[in-house]
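Read through the structure below, which is laid out as structure tokens, and then see the notes.
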Amino acid sequence: MRLLCCLLLLLTGTVLATDLAPAKFSTSLVKPWGYKSSELHEQGLLVQFTRALASEAELPFNNVMRPYPRVIKEIKSGTADFAVMFASPKAEQIAVDLGQVVTIKVVAVANAGEPVIDDISKLKGKRVGVIRGAAYGPDIDDNPDIERISFNDTAQGIQMLLLERIDVMVASNYSINHALQELYLEPERITPIYHLATRYGNLYWSRASNQMEQAKRLQQALSRLRELGVLDNIFAIDAALAKQH
């Protein structure tokens, strides 16, 4: 009987979700994308996204949270089948792009009332807060005219900004939005003054993975989530941060 079922599947080209191995996701372990609550519950924007995506695709799945460099290694090796990574030619060398998930803006913010600047040179002489170990590009990382001050996370950076221990903080709009909520602060306490970059988080399928049917279903599910407005709901952000530049 099982042999007959397999022959029928081959002839019809239909694969049931129950016949598929779980899709293996690897998610970046950093707020607000992936983290654990004090009760050790998995939380984060990409955790929510993965659940919604697998549900829409009607696929079983496993999700592990790793530091971002390890996410890349697991996609390259095929230890993980799927991940949301920054879109880039390097990402496409190790994985197949299944579609855009989220748009991320890297911004410089200052205390409320500070003027918007039109050139990075206007930061000359400023104390610029950056997350320890993060890379923001040569305008920040290799700029000899600014004093870089590192902190552990965006929430700490905002506190340092409000206490005027730094003049400017650089982070993504999503990290800033999450940190403000975490600190119970109104977005109006700070103001974006310069847009450094726009980056895209895309869903990728490892080139070392054999989960072709899962990839097809997830790509279709991603399109449906976008059309239904589910992505907009998951990745909602304060309007003041979303509309900057």
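The values are calculated or read from the model by the stated rules, or taken from the named source; none is laboratory data. Source: prediction; values computed, not measured. Don't worry about glycine lacking a Cβ; one is built from the backbone with ideal geometry, like all the others, and counts go over all protein chains shown. Only protein heavy atoms, including side chains, enter the accessible area calculation; ligands, DNA and RNA are left aside. Shrake-Rupley method; radii C 1.70, N 1.55, O 1.52, S 1.80 Å.
Laid out as a table, the results:
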{"quantity": "Any hit, segment 79-96, residues being in contact with a Ser or Thr (Cβ under 6 Å, 6 or more places away or on another chain) and part of a strand (DSSP E or B)", "calculated": "yes"}
{"quantity": "Qualifying residue in segment 99-112 (condition: over 15 Å from the mean Cα position of the chain (by Cα), polar (S, T, N, Q) and over 17 Å from Q214 (Cβ atoms))", "calculated": "yes"}
{"quantity": "In segment 137-154, the residues that are among the hydroxyl-bearing types (S, T, Y) and surrounded by fewer than 16 Cβ atoms within 10 Å (Cβ to Cβ)", "calculated": "S150"}
{"quantity": "Selection from segment 155-189 of residues that are open to solvent by 60 Å² or more (accessible area, probe 1.4 Å) and under 21 Å from E114 (Cα atoms)", "calculated": "Q156, Q159, L163, E164, R165, E186, E188, R189"}
{"quantity": "Subset tally (residues that are open to solvent by 60 Å² or more (accessible area, probe 1.4 Å) and either of a type in the set (D, E) or at pLDDT below 95 (or both)) for segment 91-111", "calculated": "1"}
{"quantity": "Looking only at segment 50-63, and only at residues there that are in a helix (DSSP H, G or I), open to solvent by 50 Å² or more (accessible area, probe 1.4 Å) and without any contact (Cβ under 8 Å) to a residue 60 or more places away in the chain, the one that is farthest from A221 (Cα to Cα)", "calculated": "R51"}
{"quantity": "Segment 123-133, subset touching a residue at least 24 places away in the same chain (Cβ under 8 Å) and not in a strand (DSSP E or B), residue least open to solvent (accessible area, probe 1.4 Å)", "calculated": "L123"}
{"quantity": "Single match in R66, R70 (criterion: in contact (Cβ under 8 Å) with a residue 40 or more places away in the chain and buried (at least 18 other Cβ atoms within 10 Å of the Cβ))", "calculated": "R66"}
{"quantity": "Output for segment 74-123, where each listed residue is over 20 Å from L231 (Cα atoms) and among the basic types (K, R)", "calculated": "K76, K90, K122"}
{"quantity": "L228 being over 24 Å from P115 (Cα atoms) and either in contact (Cβ under 8 Å) with a residue 60 or more places away in the chain or hydroxyl-bearing (S, T, Y) (or both)", "calculated": "no"}
{"quantity": "Residue, nearest to D119 (Cα to Cα), within segment 190-222, restricted to residues that are part of a helix (DSSP H, G or I) and open to solvent by less than 50 Å² (accessible area, probe 1.4 Å)", "calculated": "L222"}
